[in-house]
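Read the structure below first, then the notes.
The values are calculated or read from the model by the stated rules, or taken from the named source; none is laboratory data. This structure is a prediction, so every number in the text was calculated from the model and none was measured. So basically every Cβ, Gly included, is an ideal-geometry build from the backbone, and we count neighbours across all protein chains shown.
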């Protein structure tokens, strides 16, 4: 296992960064480009390991995709143009890839096998496979299709009326992609609003979709048409630098081209509630995804409670929010975050374990954690557990640690942010 020495006791952070493309939107741009008719160009695509796994899978399904730096061109074939793969589809570490692609494959009249890495093998798939089987898809795998490896033989799909048992954008998206192929109208009901990139993509590619409160309706048999996609910066990636700027003394950071989709801005709401000095300059644009610039300065922080409908808007940011809370005055409580247990790792346990190693006062609960602050962080040997967001959180923690920090498996960060350390080093003064 590799061991990476992180910088500690950084004096201040200053400068600007152009945030790399949003991972969720990059995944979907490939998928929708593939199932649309015609040539789709995607700019500011995120060439991280997860998104490259999505490209690899669709190439095996017969789709021509050209790559040049962070720009890709997809020669869409429509749903009917996808072909039976001669190889197993390997999704790597990407939960988004496997769950969403199952929704596409559910309506395709051929056989596909899917695998992923060790982490994917632990992540529950029943939440996707069960409703897809209810629509008519034939799916099998470990524990009756609950875990990878999975095999799927698509069928003619019947429409679905389905209330999601958990607030999951991945499950919702898989069912919407299947619904586009069903013989009729499908309705998906969310328990709480989740990121709506798939709904926006359907509209952007010329499709129809309706939402009334938390009920989303989509008709089958729609033909999507190619278009161009500009991917805004990933607010989940920006979150690490927002927190760094708030907790490292005398810092002033400008983050450019950050996606400001209102279903993803929970990190901004929390930081403002905690007293962070954060300015937002939203661009006037007609793009299908809003974006803008964020400026963060060193801030005095106070504890808060994070719960309920706010959780789906920041589920991926909770590890870095936990670090932020270690430097806030008072107690911060995070609850209703059961989904953290089924991410790349059990993020409740890994966050608590690794921040405790650095001297934080933090306790795990059944559905979240309690953090006490402000607490000075020391040093130590910590682990990413193969989870990119845990790795980046620990790299930011090292900036305020009084002693040296060594990180195991730092390469996991490349899943979503290949240039993370280059960008971080450019801010150190």
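Remarks
- Only a single criterion out of (1) modelled with pLDDT of 95 or more; (2) farther than 27 Å from residue 63 by Cα; (3) exposed (fewer than 15 other Cβ atoms within 10 Å of the Cβ) is not satisfied by residue 216, namely (3).
- Restricting attention to region 240-282 and to residues that are loosely packed, with under 15 Cβ neighbours inside 10 Å and at pLDDT below 95, the residue that is nearest to the chain's Cα centre (by Cα) turns out to be 262.
- Filter result for residue 297 (in contact (Cβ under 8 Å) with a residue 12 or more places away in the chain, within 23 Å of residue 14 (Cβ to Cβ) and surrounded by fewer than 17 Cβ atoms within 10 Å (Cβ to Cβ)): yes
- Matching entry among 316, 349, 367 (being in contact (Cβ under 8 Å) with a residue 24 or more places away in the chain, surrounded by fewer than 19 Cβ atoms within 10 Å (Cβ to Cβ) and closer than 30 Å to residue 164 by Cα): 367
- Tally, over region 134-162, of residues that are without any contact (Cβ under 8 Å) to a residue 60 or more places away in the chain, farther than 25 Å from residue 117 by Cβ and assigned to a loop (DSSP other than H, G, I, E, B): 5
- Hits in region 148-158 (condition: over 26 Å from residue 122 (Cβ atoms) and surrounded by fewer than 20 Cβ atoms within 10 Å (Cβ to Cβ)): 155, 156, 158
- Checking every residue in region 175-182 against the condition of being under 25 Å from residue 94 (Cα atoms), assigned to a strand (DSSP E or B), touching a residue at least 24 places away in the same chain (Cβ under 8 Å) and touching a strand residue (DSSP E or B) at 6+ places or on another chain (Cβ under 9 Å) gives zero matches.
- Every residue from region 400-428 that is in a helix (DSSP H, G or I), under 19 Å from residue 23 (Cβ atoms) and in contact with a helix residue (DSSP H, G or I) (Cβ under 8 Å, 6 or more places away or on another chain): 410, 412, 413, 414, 415, 420, 421, 423, 424
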